[in-house]
1. Mind giving me the FRET efficiency for W85 and L214? R0 is 45 Å, r the Cβ-Cβ distance, nearest 0.05 is fine.
2. Just to be sure I understand the curve: with the Debye formula and one point per C-alpha of the stretch 1-120, what is log10 I(q)/I(0) at q = 0.23 Å⁻¹?
3. Could you line up I50, I73 from fewest to most neighbouring Cβ atoms inside 10 Å?
4. Over the stretch 95-223, what lengths in whole Å, largest first, do the semi-axes of the equivalent ellipsoid take, defined as the square roots of 5 times the eigenvalues of the alpha-carbon gyration tensor?
5. Taking the mean number of other Cβ atoms within 10 Å as a proxy for protection, how do you rank 102-112, 179-189 from highest to lowest?
6. Which angle from 0 to 90°, rounded to the nearest 10, does the C-alpha axis of helix 88-98 make with the longest principal axis of the chain?
7. Work out the P(r) tail for the chain: percent of alpha carbon pairs separated by more than 30 Å, whole number.
8. I need Y195, Y126, Y220 ordered by Cβ neighbour count within 10 Å, fewest first.
Amino acid sequence: APLVALRGVAKRYDSGTLAVQGIDLDIAAGDFLALLGPSGCGKSTLLRMIARLSATTGGSIDWPGGRPQARDIGFVFQEPTLMPWATALANVALPLELAGLPKREAAARAADSLARVELRGFEAAYPRALSGGMRMRVSIARALVTKPRLLLMDEPFAALDEITRFRLNNDLLTLWEAERFTVVFVTHSVFESVYLARRIAVMAPRPGRIHAELAVDAPYPRG
Ligand code: ADP
Ligand code: ADP
């Protein structure tokens with residue numbers, strides 16, 4: 001069974017906009033799925049519904065392995081939503097503390113998560129002292145620290161310069177190859193979807209639908 005199964009999913013906003021329609025999609029455990037499409041085709045809408053941040057207005061989103069809790073879903077936005085008054089370590093530890101873990105253990109796991117995104121040594125840094133790429137790494141560490149069943153990334157690297165973006169793509173891929181968590185990665189970049197994903201769902205607007213699904217059998221040669 002898939003980790004998440006979408007059947008006939010639709011979203012009509014109160015404004016009347018039909019953002020997505022007739023979405024049938026299985027998300028397999030361990031997959032790296034790209035949702036590829038131009039601005040406005042409903043990618044973010046779909047991701048927010050999967051994350052249960054937004055309700056569907058049609059169809060169903062099922063988790064055959066059981067209803068997810070908040071910590072089962074990691075979310076990475078384009079703008080790292082870090083707390084400016086807290087260190088990198090405290091930002092990453094927060095979801096664990098909210099889940100009831102003792103502070104000491106939360107800090108130890110947060111440090112480990114920062115190390116996974118190449119931020120060893122930056123535990124005590126505040127977000128304003130970090131570059132955009134490093135803040136994004138902190139966001140990824142925070143999203144992964146609870147060992148979520150699903151990592152959702154909404155155009156995470158779109159605001160970064162090309163070299164930083166390329167490095168982050170490589171490091172994300174290395175991490176995924178080592179740990180095989182499940183990822184849905186929203187992007188309007190053909191390059192990114194081909195380079196990162198093992199499966200690509202192509203969306204088009206008016207109304208937002210999936211028009212093609214392709215498997216990437218062999219990984220693209222690494223840059
Ligand atoms: P992106 O395409 O990068 O996801 P958008 O500009 O589409 O960003 O949306 C940014 C935010 O504005 C989102 O939270 C989205 O829900 C909201 N938004 C987008 N379009 C509308 C709209 N027509 N009416 C109200 N809110 C909107
Ligand atoms: P994408 O992420 O592919 O850019 P979105 O999911 O942000 O697409 O938007 C899909 C459509 O839904 C767009 O027409 C957008 O303007 C509209 N939309 C997004 N969020 C809202 C909202 N909160 N209220 C009304 N319309 C919205």
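1. It comes to 0.50.
2. The calculated log intensity ratios at q = 0.23 Å⁻¹ are -1.29.
3. Ordered from fewest to most neighbouring Cβ atoms within 10 Å, I50, I73 come out as I73, I50.
4. 29, 17, 14
5. On the way: 102-112: 15.7, 179-189: 20.0.
Ranked by mean Cβ neighbours within 10 Å, highest first: 179-189, 102-112.
6. Long axis of 88-98 versus the principal axis of the chain: about 70 degrees.
7. Values: 5758 of 24753 pairs.
The proportion of pairs with Cα distances above 30 Å equals 23 percent.
8. By the 10 Å Cβ count, ascending: Y220, Y126, Y195.
Throughout, read-outs are computed from the coordinates displayed, never taken from laboratory work. Just so we're clear, the structure is a prediction, and the values are computed from it rather than from any experiment. All Cβ positions, even for glycine, are placed from backbone atoms using ideal geometry, and neighbour counts span all protein chains on display.
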